[in-house]
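The values are calculated or read from the model by the stated rules, or taken from the named source; none is laboratory data. Small disclaimer: the values here were computed from a predicted structure and weren't measured. Quick reminder, even Gly has a Cβ in these numbers, built from the backbone with ideal geometry, and neighbours come from all protein chains shown.
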Amino acid sequence: MSTISSTAFRAVLVVLGAISAFVAINVAFGGLDTLGWPGPTDYFQITDPHAYLVRDSHARFYGGVYLGIAAFLILAASNLHKYRVALYLTFTLVFIGGLSRLTQQAPSVSFGSDLIVSTVVELVGMPALIIWLSALTRTRTAITTYQPA
C-alpha cells in the first residue's frame with residue numbers, strides 16, 4: 001500500500017485519538033455532569049444522591065477506559081504492523097458500542113443531528129478502518145502446498 005495511504009491512516013488514528021481524548025477527559029473528570037465542554041450539563045435532577053454517586057463513578061470509569069483507547073489510537077499510529085491486532089480489537093469494540101446505541105430504540109436520537117457523526121463513525125467508519133488497516137498491513141506470504149512426509 002502506498003506511503004500516502006499509510007500516512008493518511010496514521011493521521012486518522014491521531015485525529016480520532018485526539019477527539020476521543022477530548023470526549024473522554026470531559027466524562028472521566030466530570031462524571032455524569034461532565035466538565036461541560038460540549039455545552040450545558042443541567043439536563044437531569046438528582047433524586048437519590050447515593051445512586052447518583054454510584055452511576056457517576058461508573059461514568060468516570062467508562063470515561064477513563066475511553067481515554068485509554070484514545071491514547072492507544074495515538075500510540076498505534078507509530079507502528080501499524082506492531083499494533084495491528086489490537087487496532088482490530090479496538091475498532092471492533094467501538095463498532096459494538098455503536099450497535100449498542102441502537103438498543104435505545106430511538107433512531108431520531110441515534111441518527112439525529114447531535115449524534116449522527118458519532119453514530120456514522122462507529123457503524124461505518126470502524127468497519128472501513130478495519131478494511132483499510134487490513135490492506136495496509138497485508139503481507140505477501142509464500143503459498144505452500146501440502147506435501148505428506
Taking the condition of being in a helix (DSSP H, G or I) and either among the aromatic types (Phe, Trp, Tyr) or surrounded by fewer than 11 Cβ atoms within 10 Å (Cβ to Cβ) (or both), how many residues in the range 3-29 meet it? 4
In the set 89, 32, which member is without any contact (Cβ under 8 Å) to a residue 60 or more places away in the chain, part of a helix (DSSP H, G or I), in contact with a helix residue (DSSP H, G or I) (Cβ under 9 Å, 6 or more places away or on another chain) and not acidic (Asp, Glu)? 32
Among the residues of the range 87-98, write down those that are surrounded by 13 or more Cβ atoms within 10 Å (Cβ to Cβ) and more than 16 Å from residue 20 (Cα to Cα). 88
Matching residues, the range 30-45, being exposed (fewer than 13 other Cβ atoms within 10 Å of the Cβ), over 21 Å from the mean Cα position of the chain (by Cα) and either at pLDDT 90 or above or not acidic (Asp, Glu) (or both): 39, 40, 43, 44, 45
Which numbered condition in (1) among the polar types (S, T, N, Q); (2) touching a Leu at 6+ places or on another chain (Cβ under 7 Å); (3) at pLDDT 95 or above is the only one that residue 134 fails? (2)
Within the range 115-137, does at least one residue satisfy the condition of being of a type in the set (D, E, K, R) and not assigned by TED's automatic domain parsing to the domain that holds residue 37? yes
Within the range 99-124, restricting attention to residues that are under 10 Å from the mean Cα position of the chain (by Cα) and of a type outside the set (Val, Ile, Thr), which residue is surrounded by the fewest Cβ atoms within 10 Å (Cβ to Cβ)? 118
Quickly run through the range 49-86 and pick out the residues that are of a type in the set (Ser, Thr, Tyr) and surrounded by 16 or more Cβ atoms within 10 Å (Cβ to Cβ). 52, 66, 83
